[in-house]
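The values are calculated or read from the model by the stated rules, or taken from the named source; none is laboratory data. Just so you know, these numbers come straight off a predicted model, no measurement behind them. In this analysis, Cβ positions are derived from the backbone assuming ideal geometry, glycine residues included, and neighbour counts consider all displayed protein chains.
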């Protein structure tokens with residue numbers, strides 16, 4: 001058996017080559033890691049583009065909004081029968097009769113029943129000024145208004161004037177206007193988004209050509225704002241039939257805006 005000092009020398013001799021091998025590996029790996037870190041620190045050559053597009057489309061659908069109402073007789077505010085159930089029932093019966101007549105008139109004008117939507121009954125108290133008393137004070141009268149809203153969906157805009165005449169002929173109390181719309185909103189918003197992307201590509205190709213670089217693959221793409229769609233409103237008054245019997249109802253156009261941001265890689269020069 002070797003003495004202790006000889007065993008120590010043997011152990012040191014065995015581990016010295018291993019330490020040298022590890023040190024050599026570290027020296028070889030260090031330039032590689034440094035090169036990799038340098039490559040990662042160097043920002044990629046990119047071209048960023050933002051583009052917006054506006055699509056104008058002609059509406060092909062419309063919704064008419066109208067209201068019918070009936071009122072109870074006005075009575076003094078301090079009278080006990082200011083909310084007379086008999087008066088309320090009679091006003092409601094008159095309103096329902098007029099609503100049924102309105103629906104019949106629209107159906108005779110060529111509208112399907114499914115296209116007519118009658119809202120729920122609304123009850124509104126109304127305060128109106130009455131006659132002056134002997135003391136010179138004006139008393140306040142109270143009455144109740146019972147109201148039914150209607151919406152009429154129009155699939156053929158050519159029939160819009162005829163339906164408006166039918167509504168006014170049926171004696172609606174208020175025409176709240178026309179809302180112009182599209183049968184396929186998704187197709188229109190998709191088209192606006194495609195237009196924005198095509199505009200972004202055109203701008204990127206123009207910039208690359210001018211700068212003498214070559215576009216590579218798309219790196220990132222996002223919407224700066226989603227396509228915004230809003231139906232177009234047109235207000236009108238209930239007495240339009242008398243004021244303009246031959247009026248034309250032009251729907252105009254609906255605009256949809258879309259925006260995108262796209263980044264391309266710039267290919268290295270060969």
Would you check if residue 170 is within 24 Å of the chain's Cα centre (by Cα), touching a residue at least 12 places away in the same chain (Cβ under 8 Å) and at negative phi? no
The residue that is surrounded by the fewest Cβ atoms within 10 Å (Cβ to Cβ), considering only those in the stretch 104-119 that are out of contact with any helix residue (DSSP H, G or I) (no Cβ under 8 Å at 6 or more places or on another chain) and either in a loop (DSSP other than H, G, I, E, B) or outside the structural domain of residue 150 (by TED's automatic domain parsing) (or both), is 112
Restricting the stretch 64-87 to residues that are surrounded by fewer than 17 Cβ atoms within 10 Å (Cβ to Cβ), at pLDDT 90 or above and not in a loop (DSSP other than H, G, I, E, B), which is farthest from the chain's Cα centre (by Cα)? 86
Residue 171 passes all but one of (1) part of a helix (DSSP H, G or I); (2) exposed (fewer than 15 other Cβ atoms within 10 Å of the Cβ); (3) assigned by TED's automatic domain parsing to the domain that holds residue 115; which number fails? (1)
